[in-house]
Amino acid sequence: AVEAVAALATGDLFDRYGGRVLLLVPPVVAAVPPRVFGPTLAAVLGGVVLWGVATGVLDSTVKAYVAGLV
């Protein structure tokens, strides 16, 4: 569910700002491991949500970016 919402949101941002939206991916992905392996359930769920956001960004935006390049 998080991936779908993130894909919709970043697809809209991609239409407005182009490939610069992909600069969001590295910081989001870097924030996942400390949370997923965190000590509390809330931290773990936060990591799962961040991973869903990163996957949504990649699924929608990378495909659109590559299509634009081709």
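The values are calculated or read from the model by the stated rules, or taken from the named source; none is laboratory data. Given the structure is predicted, the values throughout are model-derived calculations rather than measurements. Positions of Cβ are backbone-derived with ideal geometry, glycine not excepted, and every protein chain shown enters the neighbour counts. When the accessible area is computed, the model is the full protein with side chains, heavy atoms only, and any ligands, DNA or RNA have been set aside. Shrake-Rupley method; radii C 1.70, N 1.55, O 1.52, S 1.80 Å.
Cβ under 15 Å from Thr10's Cβ, Thr10 left aside: what net charge do those residues give with Lys, Arg +1 and Asp, Glu -1?
After counting each charged neighbour, the total is -1.
For the chain, with every protein chain kept in place, what is the accessible area per residue (1.4 Å probe, Å²)?
Numbers: 4590 Å² over 70 residues.
Heavy-atom SASA per residue in the chain reads 66 Å².
Ignoring ligands, DNA and RNA, please state the percent of accessible area on the chain from carbon and sulfur, probe 1.4 Å.
On the way: 3380 of 4590 Å².
C and S atoms contribute 73 percent here.
For the chain, take the longest principal axis of its alpha carbons; what is the angle in degrees between that and the long axis of helix 41-57, to the nearest 10 within 0 to 90?
Taking Cα atoms only, the helix is inclined about 10 degrees.
On a 1.4 Å probe surface of the protein chains, which of Leu24, Leu8 comes out largest in accessible area, and what is the full order? Spell out each step's value before the answer.
Values: Leu24 90, Leu8 135 Å².
Sorted descending by solvent-accessible area, the residues read Leu8, Leu24.
With a cap of 10 neighbouring Cβ atoms within 10 Å, and only residues DSSP puts in a loop, list the chymotrypsin sites (Phe, Trp or Tyr not before Pro) found in the chain. Write out the running numbers ahead of the final one.
Details: sites: Phe14, Tyr17, Phe37, Trp51, Tyr65; in loops: Phe37.
In loop regions of the chain (DSSP not H, G, I, E or B), the sparsely surrounded chymotrypsin sites (Phe, Trp or Tyr not before Pro) are Phe37.
Could you work out [θ]222 nm for the chain from helices alone, using -39500 (n - 2.57) per DSSP H run of at least four and dividing by all its residues? Round to the nearest 500 deg cm²/dmol.
Details: 5 runs with 51 residues, N = 70.
Helix contribution divided over all residues of the chain: -21500 deg cm²/dmol.
Could you tally the net charge around Trp51, taking each other residue with its Cβ under 13 Å from the Cβ of Trp51, Lys/Arg +1 and Asp/Glu -1? Each step should come with its number before you reach the end.
Values: positive: Arg35; negative: Glu3, Asp59.
Overall, the nearby charge balance is -1.
With everything on Cα atoms, drop me the angle between helix 2-17 and the longest principal axis of the chain, reported from 0 to 90° to the nearest 10.
40
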